[in-house]
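Student: Got a structure for you, written out below as structure tokens; questions coming shortly.
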Amino acid sequence: MDSTQQEYLNLIAEIMDVRKRSSKPLAYIHTYGCQQNVADSEKIKGMLFLAGFDFTEAAEDADFILFNTCAVREHAEDRVFGNVGALKNIKRRHPSVIIALCGCMMEQAHVAERIKRSYPFVNLVFGTRSLFHFPEILYNVLLTGDRTFERDITEKSVCEGLPVLRDGSFKGWLPIMYGCDNFCSYCIVPYVRGRERSRSSEAVIAEAKDMISKGYKDITLLGQNVNSYGKGLNEDINFAKLLKEIDKIPGDYRLRFMTSHPKDCSKELIDTIAEGTHICTHLHLPFQSGSDRILKLMNRKYDRKKYLEIVNYAKEKIPNVSLTSDIIVGFPGETYEDFCDTISLIKEVEFSSLFTFIYSRRKGTPAAEMEDVATDAEKSKWFTELLKTQEEIAAKRCASMVGETHRVLVEEKNEKNGLLTCRTSGNIIVEIESDESIIGTFKDVKITEARNWILRGVLI
Ligand code: SAH
Ligand code: SF4
Ligand code: F3S
């Protein structure tokens, strides 16, 4: 962060003090969408913290309310509109509260227009590429009281040095790149997050070192397509090399990464995982559809054969590799036959788990103009079939793990059953009975039972 923005944070602190409060001003931040948004919110929190704010879980107590929004599917957007509407009552009770919206939805002109028109109690809207001058924007809103829409700023390069206030104390996100250049035909992300840009390896490695020294045990490197990391940088680097460099940092921690695009997933990367010390034996490799015809329409730039080649290489090189994926059901033009290709692929690969979505039309994307043949009822029937098939696969995989020993990170207490939730290197949940004091540490557990896709185990 540059000194000008730092100065604005000081000015915000002054303005908030002018309001003569006996305790710190409070911010309420709600984050929708993916880890990229979570990581952005952690930067915003870092800046607000430096401006003297504390945080609250109750929107009605806050002086500043921020929704960091997601545009990936219509359902996500509907939820945001609903929840923004509900803020009207809070504004009526506390007219001085500043209501702000940011994130991917706000980068769409038609959304910003709708906010401007129909939600007059929203004070501030800013996009994903305005984070680096958030202090200045907020200061101006506080100073003038003007409604502000800051959406057209483009972050030309990567902005380093923003403070980060992470949500977790031992699991953390580490963005290595921003934006996306892939333009999958269904996806809004490239339009709302801009062109792909990588952080320098120096900055990423320094942040990883810092996190490890602060006790982070599970670090996930983030990017929409980490496999194309380094493109455009003035250094001899790619994702596999970056991963190797981070893996060299001594310490008691694990490295994960997401998301890997199959078109750029190299053997070098798989070899790096296989040879790594801290790198998890988990590969999240979204294939979206098992049908070559649909993959072409999706502009994914790989086919089923290439996908299976990578998967088989990973299975051969990384013992017990855990594979996960994203799948879209009901892409425009998809027939039951295409869908059956997806089913046969998941049976062949045997994923540990899947993130499954029904296709959602996104304004401005090429797929939005494509003709659809299946009805909503058909799509939801296919969707149910997909879930059922995957449940059986996951249950079978989990059952085969009974008797094995795994090193797990103990993450939290499950308040429902009093057990501790732990995670294997392959990202599979194991529940154990133990004392909360071991949360945040690695333990060896023996798997004793499989309950569908959740395992039970005992400490060794
Ligand atoms: N960059 C990541 C994914 C980001 S979006 C990747 O390429 O894998 C996360 C997931 O949301 C995608 O993998 C896709 O399965 C799903 N998705 C994206 N756009 C969608 C849409 N319009 N409708 C339904 N699902 C969508
Ligand atoms: Fe969207 Fe494709 Fe980019 Fe992933 S790679 S964010 S699915 S355009
Ligand atoms: Fe949503 Fe933006 Fe992530 S659209 S999925 S929050 S990149």
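The values are calculated or read from the model by the stated rules, or taken from the named source; none is laboratory data. The shown structure was predicted, so the numbers you read here are calculated from the model rather than taken from an experiment. Virtual Cβ from ideal backbone geometry, glycine too; neighbours counted across all protein chains shown.
Student: Which residues, counting only those in the stretch 120-147, are under 19 Å from Q6 (Cα atoms) and either touching a Gly at 6+ places or on another chain (Cβ under 8 Å) or of a type in the set (G, A, S) (or both)?
Tutor: Selection gives R129, S130.
Student: Hey, another quick one. May I ask you to verify whether L295 is buried (at least 16 other Cβ atoms within 10 Å of the Cβ), among the hydrophobic types (A, V, I, L, M, F, W, C) and not in a helix (DSSP H, G or I)?
Tutor: no
Student: Additional query: If D78 satisfies every condition in (1) loosely packed, with under 14 Cβ neighbours inside 10 Å; (2) under 16 Å from S130 (Cα atoms); (3) within 16 Å of ligand 1 (Cβ to nearest atom) but one, which is the exception?
Tutor: (2)
Student: Go through (1) touching a Gly at 6+ places or on another chain (Cβ under 9 Å); (2) among the small types (G, A, S); (3) away from ligand 1 (no atom under 16 Å from the Cβ) one by one and return the number of the condition S22 breaks.
Tutor: Only one criterion in (1) touching a Gly at 6+ places or on another chain (Cβ under 9 Å); (2) among the small types (G, A, S); (3) away from ligand 1 (no atom under 16 Å from the Cβ) is unmet by S22, namely (1).
Student: Hey, another quick one. Would you call L345 touching a Lys or Arg at 6+ places or on another chain (Cβ under 6 Å) and surrounded by 17 or more Cβ atoms within 10 Å (Cβ to Cβ)?
Tutor: no
Student: Quick one: how many residues across the stretch 268-296 are of a type in the set (G, A, S) and out of contact with any Leu (no Cβ under 8 Å at 6 or more places or on another chain)?
Tutor: Going through the stretch 268-296 one residue at a time, the tally reaches 2.
Student: Just give me the residues in the stretch 58-76 being within 17 Å of the chain's Cα centre (by Cα), part of a strand (DSSP E or B) and of a type outside the set (S, T, Y), in sequence order.
Tutor: F67, N68
Student: Same structure, new question: Can you find, within the stretch 248-283, the residue that is nearest to T220 (Cα to Cα) among those that are in a helix (DSSP H, G or I) and within 16 Å of ligand 1 (Cβ to nearest atom)?
Tutor: So, considering only residues that are in a helix (DSSP H, G or I) and within 16 Å of ligand 1 (Cβ to nearest atom), the one nearest to T220 (Cα to Cα) is L269.
Student: Turning to a different aspect of this structure: Only one of E412, E385 is among the acidic types (D, E), modelled with pLDDT of 95 or more and assigned by TED's automatic domain parsing to the domain that holds I294. Can you tell me which?
Tutor: The unique qualifying residue is E385.
Student: Exactly one condition in (1) surrounded by fewer than 19 Cβ atoms within 10 Å (Cβ to Cβ); (2) at pLDDT 90 or above is not met by V122; state its number.
Tutor: (1)
Student: Something else about it: Just to be sure before I move on: is I176 within 16 Å of ligand 3 (Cβ to nearest atom) and within 20 Å of K45 (Cα to Cα) in the structure I sent?
Tutor: Details: within 16 Å of ligand 3 (Cβ to nearest atom): yes; within 20 Å of K45 (Cα to Cα): yes.
In short, yes.
Student: Test of understanding: among N140, N182, which residue is polar (S, T, N, Q) and within 16 Å of ligand 1 (Cβ to nearest atom)?
Tutor: On inspection, the qualifying residue turns out to be N182.
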